[in-house]
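Enquirer: Dropping the structure in here first, questions after.
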Amino acid sequence: MKKPSFLERLTGSVPSDEYDRVLGDDPGYDKTTENDEGYSDDQEESWHEDDNTHDHKPQEGELPVDMYQTSDAIVIRALVAGVSPSDLDIAITRDMVTIKGLREEYQESSDDNYFHRELFWGSFSRTLLLPEEVIIDEADAQEKHGMLEIRLPKLDKNRSTQLRVKSQVHKA
C-alpha cells in the first residue's frame, strides 16, 4: 500500500483504488468506458501523470502564511510549530521571499495504531511575491511559540539625497 499524499493526509480521504481493493478487485465497470465528461479513464489518467501519484518522493507541503503591511514594513507570519529555527531557510530578494523548512516526524506508534493522522510532516516551502520592494539588509525574522514572523522594511522611494559631483583634474 502506498503512502497517502499530503492532500489525502490533510483531508483524511482514501483514493478510489483503495476502495476497490477493500470492496473487491472488480470495480464493476470497464476502465476504458467514457466518464460523464466524455473522456475515457485512460485519457484522464494520462492528463494527471504530471502529479506526484506515480512518484515515490515525499510530497512537499505549502506553508500557509499571513502577509500584511504597516506604514513602514511588510510582515509575514507563519505557523512553524515543531520546526527548529535552524531547519528554516528564508531567502529574500527585493520583491520576493521564499521560506523552506522541514518538520521531522516523531512516530511513537505504528501506523496501524493511529486513529487520526492529520498533522503534516516533512518538507514544506512557500514563495511570496511582495507588493513593494523591501530593504533586504534590514530584514528580521523571529520565532516565538511556533509563530514565525518576518519583518521586511519597505524601500522608501520618496527618499532622496544630494549627490556632490567630484572633479578629476587630468594631468597631461
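Enquirer: Here's a check for you: in the range 76-99, which residue that is closer than 12 Å to Glu132 by Cα and aliphatic (A, V, I, L, M) is surrounded by the most Cβ atoms within 10 Å (Cβ to Cβ)?
Expert: Val97
For every residue, the table says whether it meets (1) of a type in the set (S, T, N, Q); (2) within 28 Å of Glu143 (Cβ to Cβ); (3) at pLDDT 75 or above.
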position	(1), (2), (3)
Lys2	no, no, no
Leu7	no, yes, no
Thr32	yes, no, no
Val65	no, yes, yes
Tyr68	no, yes, yes
Ala78	no, yes, yes
Ser110	yes, no, yes
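Enquirer: Still on this model: Give the residue that is nearest to Asp89 (Cα to Cα), with candidates limited to residues of the range 114-172 that are basic (Lys, Arg) and surrounded by fewer than 10 Cβ atoms within 10 Å (Cβ to Cβ).
Expert: Out of the qualifying residues, it is Lys144.
Enquirer: Tell me, which residue of the range 76-103 that is touching a Gly at 6+ places or on another chain (Cβ under 8 Å) and acidic (Asp, Glu) is nearest to Gly146 (Cα to Cα)? Lay out the reasoning, then the answer.
Expert: Here is the first cut: in the range 76-103, the residues touching a Gly at 6+ places or on another chain (Cβ under 8 Å) are 79-83, 87-89, 102-103.
If we keep only those that are acidic (Asp, Glu) too, we end up with 87, 89.
Numbers: Asp87: 13, Asp89: 15 Å.
Among residues in the range 76-103 that are touching a Gly at 6+ places or on another chain (Cβ under 8 Å) and acidic (Asp, Glu), the one nearest to Gly146 (Cα to Cα) is Asp87.
Enquirer: If the requirement is being modelled with pLDDT under 70 and either among the aromatic types (Phe, Trp, Tyr) or part of a loop (DSSP other than H, G, I, E, B) (or both), which of these qualifies: Glu105, Glu37, Glu44?
Expert: Result of the check over Glu105, Glu37, Glu44: Glu37.
The values are calculated or read from the model by the stated rules, or taken from the named source; none is laboratory data. Worth saying up front: this structure is predicted, and the values here are computed from it rather than measured. No Cβ is skipped: glycine too gets one built from the backbone with ideal geometry, and neighbour counts run over all protein chains shown.
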